[in-house]
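Asks: Attaching a single structure in structure tokens format; questions to follow.
The values are calculated or read from the model by the stated rules, or taken from the named source; none is laboratory data. Bear in mind the structure is a predicted one, so any value in this text is a computation, not a measurement. Because the Cβ atoms are built from the backbone with ideal geometry, glycine has one as well, and the counts that use them run over all protein chains shown. SASA here: full protein model, heavy atoms, side chains in, ligands and nucleic acids out. Shrake-Rupley method; radii C 1.70, N 1.55, O 1.52, S 1.80 Å.
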Amino acid sequence: PPTDSLRKERSLTGVKIRAFDLKWCPTEPLRIAAVGENNGCIWNVGGGGASSNPVVFCDTEIMRCNWHPDGNVLLTGNAQGKIAVRSAADGKPMATLDAHEDEVYGIEVLSNEGLLAVGAGATVQLWDLNTATGPAQATLAAKQGGLVFGGDHRNPERKAYLFSMAARGRVLCA
């Protein structure tokens, strides 16, 4: 491949230590959110540089983030199984949903009406953001003879784990 096809444009500062996920805003093409071990940030990267005052919010091990289609809400999921519904203006939580499982490794908004899919541990959960109700859920079973996440010494129960999700409209892959 050509050597100029991938180049570093600039660095965005704010997420401390490791970043686990990042997403572009669906309504503002030059707005991006990133989350990591102990905090998250939302930047506006237009005008030749990143905003000098990114929106910063703190939490413990924020594993995933995703935007509501309206661009006004950022959803984050952490290692304690909590989903924060945050104001994109200031990063403050407007609501918290409890996934009742392991780390949240998937957050996908399935409709403009607020249908939310969450992947946590071995479950796929559906939530209604408008009423903060849910979850309807399905548990993934480990495949016989399949790969054991973490190896037998870390996962002796051979439990299935969901690590990623992708949605297009109301179609979800996990």
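Asks: Taking R0 as 25 Å, what's the FRET efficiency between K8 and E28 from their Cβ-Cβ distance, rounded to 0.05?
Replies: 0.65
Asks: With charges set only on the Cβ (+1 for Lys and Arg, -1 for Asp and Glu), what does the dipole of the stretch 1-154 come to about its Cα centre, in debye to the nearest 20?
Replies: The dipole magnitude comes to about 440 debye.
Asks: Would you list, by chain and number, the aspartates and glutamates whose Cα falls below 15 Å from the Cα of K159, excluding same-chain residues fewer than 8 positions away?
Replies: List returned: E101, D102, E103.
Asks: Show that you can apply the helix-only estimate: for the chain, add -39,500 (n - 2.57) for every DSSP H stretch of four or more residues, divide by all residues, and state [θ] at 222 nm to the nearest 500.
Replies: Mean residue ellipticity at 222 nm (helix-derived): -500 deg cm²/dmol.
Asks: Considering only protein heavy atoms and a probe of 1.4 Å, how much of the accessible area of the chain is carbon and sulfur, as a whole percent?
Replies: 52
Asks: Would you list which aspartates and glutamates come within 18 Å of K23, measuring only between C-alpha atoms, while excluding same-chain residues fewer than 8 positions from it?
Replies: E9, E37, D59, E61, D70, D90, E108
Asks: Please compute the per residue accessible area over the stretch 59-174 with all protein chains in place, 1.4 Å probe, rounded to a whole number of Å².
Replies: 52
Asks: Evaluate the Debye formula for the stretch 11-103 with equal point scatterers sitting on the alpha carbons, no solvent, and hand back log10 of I(q)/I(0) at q = 0.25 Å⁻¹, in q order, two decimals.
Replies: Cα-only, vacuum Debye calculation for the stretch 11-103: -1.34.
Asks: To the nearest µm²/s, what D does Stokes-Einstein give for the chain at 37 °C and 0.692 mPa s, using the Kirkwood radius over alpha carbon pairs as Rh?
Replies: Answer, rounded: 192 µm²/s.
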